1. Quick test for you: out of Phe92, Phe149, pick the one residue that is over 24 Å from Gly67 (Cα atoms) and assigned to a loop (DSSP other than H, G, I, E, B).
2. Which residue out of Val205, Val189 is closer than 17 Å to Arg90 by Cα and either part of a strand (DSSP E or B) or out of contact with any helix residue (DSSP H, G or I) (no Cβ under 8 Å at 6 or more places or on another chain) (or both)?
3. Among all residue pairs at least 6 apart or on different chains, which show Cβ distances below 7 Å where the first residue, located in region 177-199, is closer than 10 Å to Ala163 by Cα and acidic (Asp, Glu) and the second is modelled with pLDDT of 90 or more and in a loop (DSSP other than H, G, I, E, B)?
4. Determine which single condition Ala107 fails, assuming it passes every other condition in (1) without any contact (Cβ under 8 Å) to a residue 12 or more places away in the chain; (2) surrounded by 15 or more Cβ atoms within 10 Å (Cβ to Cβ); (3) small (Gly, Ala, Ser).
5. When you go through Leu20, Leu99, Leu25 one by one, which is the residue that is at pLDDT below 95, at negative phi, of a type in the set (A, V, I, L, M, F, W, C) and in contact with a strand residue (DSSP E or B) (Cβ under 6 Å, 6 or more places away or on another chain)?
6. Just checking, does region 100-113 include any residue being assigned to a helix (DSSP H, G or I), farther than 25 Å from Ala51 by Cβ and of a type outside the set (A, V, I, L, M, F, W, C)?
7. Would you point out the residue of region 13-28, among those that are surrounded by fewer than 16 Cβ atoms within 10 Å (Cβ to Cβ) and of a type in the set (A, V, I, L, M), that is nearest to Asp179 (Cα to Cα)?
8. Starting from residues that are of a type in the set (A, V, I, L, M, F, W, C) and free of Cβ contacts under 8 Å to residues at least 40 places away in the same chain, keep the ones in region 41-67 and report whichever is surrounded by the fewest Cβ atoms within 10 Å (Cβ to Cβ).
Amino acid sequence: MSVVLRSSPLRIHLNRNTCLDFPALEVHAGEMLLIQGASGAGKSTWMHALAGMIPLSSGEVEIPGHGILRAGQSVPKAWRRHAVSVLPQRAFFWNSLSLEENLSLAAWAKGVDEAKVDLDRLGLAKQAGQSAHSLSMGEQQRVSALRSFISESPLLLADEPTASLDDANAQVMLELLRDQQLKHPCAIVLASHDQRVLPFVDRMVQLS
């Protein structure tokens, strides 16, 4: 199974007096890895660092074929466009744009010709011309999940994707991620303290 992400131990300074250390990590195509830990353990910080959203103080992260993210250096070109996709805890959409326009904007940002999101599959095809904020929270989060697969990046980082969802919607969300992963064998790294994700993951890293 091919390696999607290979990271050395990382150190991240949050401010002059506080830093967080994270272990070496290797993730493979088709794998769903859970990063678990108490609130404040650094789950989201680690995810943001892997995505190139916050700087590394030491260490490096490699996504084969997409360069190496190194402490003290610029984020590799197109790291966020082609190498990594991010599914945030709360879905974000531009309220002034329709759902379809939001998806087209995401496709443009990722350098994709068209948004490969099957709204009909979610039962939302008729709402394509409406504001995304007319959808329920569960519907917004499912569209956000499918949107994160638009560019078919080898790595998807999902930050607390079920945190705001009830049991039924959390189950649908996790099944959707697994189903999309079968279609496109990327690696998914979940940061979550939600025990409902455990039946879906292949491996877990515990942060203290």
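1. The match here is Phe92.
2. The match here is Val189.
3. Asp194/Thr162
4. Going through the list (1) without any contact (Cβ under 8 Å) to a residue 12 or more places away in the chain; (2) surrounded by 15 or more Cβ atoms within 10 Å (Cβ to Cβ); (3) small (Gly, Ala, Ser), Ala107 breaks only (1).
5. Leu20
6. Yes: one or more hits.
7. Top of the filtered list is Ala24.
8. Applying the filter and picking the extreme gives Met53.
The values are calculated or read from the model by the stated rules, or taken from the named source; none is laboratory data. The structure presented is a predicted model; accordingly, all values stated were derived computationally and were not measured. Reconstructed Cβ throughout: ideal geometry from the backbone, glycine too, with neighbour counts over all protein chains shown.
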